[in-house]
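J.: Okay, handing you the structure first.
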Amino acid sequence: YGAIVVPETIQGYGIAYQAGLPKATGDIVVMMDGDDTYPLLQVEEMLTYMQEKSYDFLTGCRFPLACKDAMPGYKQISNHTISWMIRRLFGIGLRDSQSGMFVLKRKILAQVVSNDRGMAFTHEIKLNAWLNPDIRAGEYPIHYRMRLGRVKYRPLQDGTQTLYNLYCYFRKRAPLCNPSKKF
């Protein structure tokens, strides 16, 4: 189908994207985890919605889950908690901060790509898009499915790292977010 495989020997969620994204050549970049949980067949719907609403960046929103067994309860709680924190800290309406499915215009890549080499890449790319006044960002409901293969997510370690990265991101961006917001 014309896909180009970009080899990367260093492991890491963000590292994989950072290796592949500079090789993107189309006007639109579609990103998703390769574990069959994200609906490839909904990409066309997302592109149509993106064009109709004049979005530059669109992320898939898995909630509410169409398949209740697609995500373990602890991951649902973790995602809802992190997404709630992001909404409160940054004053944006992002409901699914951990979704691994994005569609964006290639011209905004340099403005949104995260430098994080791990799992924080997924919420940082969204925050970079949502907080940039020149980028129109939104969410689109998707049908998340059961994962194929072994789950690599480590609840305690990855959850703690995500919270730490979110704290660091907030500290770096806080003055730019909403200076009048009271916490």
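J.: With a probe of 1.4 Å, find how much accessible area region 1-105 has per residue, and write the answer as a whole number in Å².
T.: Accessible area per residue: 55 Å².
J.: Whole-Hz ³J(HN,Hα) for each residue in region 130-145, computed from phi via Karplus 6.51 cos²θ - 1.76 cosθ + 1.60 with θ = phi - 60°, x for glycine and proline: what do you get?
T.: My calculation for region 130-145 gives 5, 8, 7, x, 8, 10, 9, 10, x, 10, 9, x, 10, 9, 6, 10 Hz in order.
J.: Let me ask something additional. Would you calculate a helix-derived [θ] at 222 nm for the chain, using -39,500 (n - 2.57) for each DSSP H run of n ≥ 4 and dividing by the full residue count, to the nearest 500?
T.: Estimated from H runs of four or more residues: -12500 deg cm²/dmol.
J.: From the phi of every residue in region 78-91, what ³J(HN,Hα) in whole Hz does the Karplus formula 6.51 cos²θ - 1.76 cosθ + 1.60 yield, where θ is phi - 60° and glycine or proline is x?
T.: Couplings: 4, 5, 4, 5, 5, 5, 4, 4, 4, 4, 5, 5, 10, x Hz.
J.: May I ask you to evaluate 6.51 cos²θ - 1.76 cosθ + 1.60, the Karplus curve with θ = phi - 60°, for each residue of region 54-59 and list the ³J(HN,Hα) values in order in whole Hz, giving x for glycine and proline?
T.: 6, 7, 9, 9, 9, 10
J.: Loop sites only, by DSSP: take the trypsin sites (Lys or Arg not before Pro) in the chain that have at most 10 other C-beta atoms within 10 Å and name the longest stretch containing none of them.
T.: 1-149
J.: Report, to the nearest whole %, how much of the accessible area of the chain belongs to carbon and sulfur atoms, 1.4 Å probe, protein only.
T.: That share works out to 56 percent.
J.: Is the shape of region 1-127 rounded, prolate or oblate, going by the alpha carbon gyration tensor and its root eigenvalues a ≥ b ≥ c, with a/c under 1.5 for rounded and a/b larger than b/c for prolate?
T.: Because its axes are fairly even, with a/c under 1.5, region 1-127 counts as rounded.
J.: Using the structure shown, select from 105/126; 126/172; 75/152; 53/126; 105/172 the pairs with a Cα to Cα distance greater than 19 angstrom.
T.: From the list (105/126; 126/172; 75/152; 53/126; 105/172), the Cα-Cα distance tops 19 Å for 105/172.
The values are calculated or read from the model by the stated rules, or taken from the named source; none is laboratory data. Just so you know, these numbers come straight off a predicted model, no measurement behind them. Quick reminder, even Gly has a Cβ in these numbers, built from the backbone with ideal geometry, and neighbours come from all protein chains shown. Keep in mind that these areas ignore ligands, DNA and RNA; they rest on the heavy atoms of the full protein, side chains included. Shrake-Rupley method; radii C 1.70, N 1.55, O 1.52, S 1.80 Å.
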